[in-house]
Amino acid sequence: MNHLNKIVVSLTALAFVVIAAFVASPASAAPKMKTIILATTTSTQDSGLLDELLPVFEKSTGYFVKTISVGSGQAMKMGEKGEADVLLVHSPDAEKKFVEQGFGVNRRLVMHNDFIILGPASDPAKIKGEKSAKEALKKIAAANALFLSRGDNSGTHALEKKLWKATGLKYEGNKWYQQTGLGMGQTLSVAAEKKGYTIADRGTYLSVKKNLGLDILVEGDSSLLNIYHVIEVNPAKWPKVNAAGAKAFADFMVAKRTQAIIKTFGVKKFGAALFFPDAGKDPKTLGL
C-alpha cells in the first residue's frame with residue numbers, strides 16, 4: 001500500500017470513529033433536552049397569559065415548552081411522579097407540602113390576582129356586595145341556591161373548600177352543590193348555562209366574560225387572594241427531568257422583562273390587568 005492510500009484509509013477510519021463517537025455521545029440527546037414539560041393551572045392557559053409569555057421564552061432560549069394545563073393538584077401529582085420538569089401553580093398550602101416532601105425545589109413567587117364569587121344578575125341568594133366570602137357562601141347554602149364547584153383538586157377548588165370549611169356547614173351531598181370536574185373556563189360556562197354561583201380567578205373570568213351572563217357579586221375579601229409560584233421538580237429525586245430547562249423557565253418567570261409583560265397583560269383588551277407581578281417581594285406582604 002502506497003503512502004497516499006495509507007492516508008485515505010487512516011482518514012476513513014478516523015471518520016468512522018468520529019461518527020461513532022457522535023452517535024454514542026450524550027450530546028446526540030441534546031435536542032430532546034430542549035423540550036420542557038410545564039405542568040400548570042388551567043387559569044394561566046384559559047386567561048391567555050401563556051400564549052403571551054411562551055413565544056418570548058422559546059425565542060430567547062431555544063427551548064420548546066410542552067404545556068400540560070390541569071388543576072394545581074394534578075400538576076403537583078405530575079411533579080411527584082417526575083412527569084413534569086417545572087410547575088406554575090396557585091395552591092400555596094399544597095405547594096409547601098410538595099417542597100417539604102422533596103418533590104420540588106426553588107419555589108419562587110411570581111404573581112397574584114384574586115378570586116371572585118360570581119352568579120346570575122338575579123342573585124337569588126342576595127349576596128351582592130357582601131364583604132365576607134364566608135358569609136356569602138352561608139347565604140348561598142341557606143337559599144339552597146345552585147353552586148358549581150370545579151371539584152378537580154385544583155388551586156381554585158382548594159380555596160373553595162377552605163372557604164366552605166370556614167363556614168362550618170355541610171355542603172357536599174346537597175342537591176344545590178354540584179361538581180363539574182372541569183377546568184375554570186368550562187366551569188364558568190356551566191355556571192352561566194345553569195344560572196348558578198361559582199368561584200373563579202379574576203383573570204380567567206375577565207378573559208371569557210363577554211358572553212357569560214355572570215356578574216361579579218363578591219370581591220375584595222383578603223381570603224380570596226390568588227397567588228402563583230413557579231417550582232422546579234427536584235432532579236435529585238427524578239434525575240431524568242430537564243433540570244436546566246426547568247431552571248431557565250423559572251428564571252424567566254421572575255425576570256424583570258417577564259414581570260413587565262405580566263403587569264400590562266390584559267389592559268389593552270380587557271381594560272384591566274389580569275395578574276399583578278410579585279417576583280422578589282417579601283411573601284409576608286401578600287399574607288403568606
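What follows is calculated from the coordinates using simple rules that are stated; it is not laboratory data. Everything numeric here is computed off the predicted structure, so don't read it as measured data. Don't worry about glycine lacking a Cβ; one is built from the backbone with ideal geometry, like all the others, and counts go over all protein chains shown.
Potential lengthening of the chain between residue 215 and residue 142 amounts to 24.3 nm, from the contour at 0.36 nm per residue minus the alpha-carbon distance. Here the calculated FRET efficiency for residue 237 and residue 190, from their Cβ-Cβ distance with R0 = 35 Å, stands at 0.40, rounded to the nearest 0.05. In units of the compact-protein estimate 2.2 N^0.38 Å, the chain shows a Cα radius of gyration of 1.28. Of all the options 240, 162, 268, the one that moves most in a Gaussian network model of the chain with Cα springs shorter than 10 angstrom is 268. For 131, 263, 77, the sequence from fewest to most other C-beta atoms within 10 Å is 131, 263, 77.
The local environment of residue 51, defined by Cβ-Cβ distances under 15 Å, has a net charge of +1 under the rule Lys, Arg +1 and Asp, Glu -1. Counting only lysines at least 8 places from residue 138 when in the same chain, those with an alpha carbon closer than 19 Å to its own are 126, 128, 161, 162, 165, 170, 175, 195.
Rg/Rh, computed from the Cα trace of the range 115-224 with Rh as the Kirkwood radius, has the value 0.91. Secondary structure note: in the range 115-224, about 60% of the DSSP beta bridges are antiparallel. For the chain, the antiparallel share of DSSP beta bridges with both residues in that region comes to about 60%.
Using alpha carbons only, how many angstrom separate the centre of the range 38-59 from the centre of the range 135-159? Computed from Cα coordinates, the inter-centre distance equals 27 Å. Hydropathy first: keep DSSP H helices in the chain averaging at least 0.5 on Kyte-Doolittle, then drop any whose Cα extent along the axis falls short of 20 Å, and list what survives. Flagged H segments are 3-24.
Estimated at 0.36 nm per residue, the fully extended path between residue 101 and residue 66 surpasses their Cα-Cα distance by 10.1 nm. With each label modelled as a point 7 angstrom along the Cα→C-beta vector, the residue 263-residue 178 pair spans 4.3 nm. Loop-located GluC sites (Glu not before Pro) in the range 153-209 (DSSP state other than H, G, I, E, B) with a sparse environment of at most 11 neighbouring Cβ atoms within 10 Å: 172.
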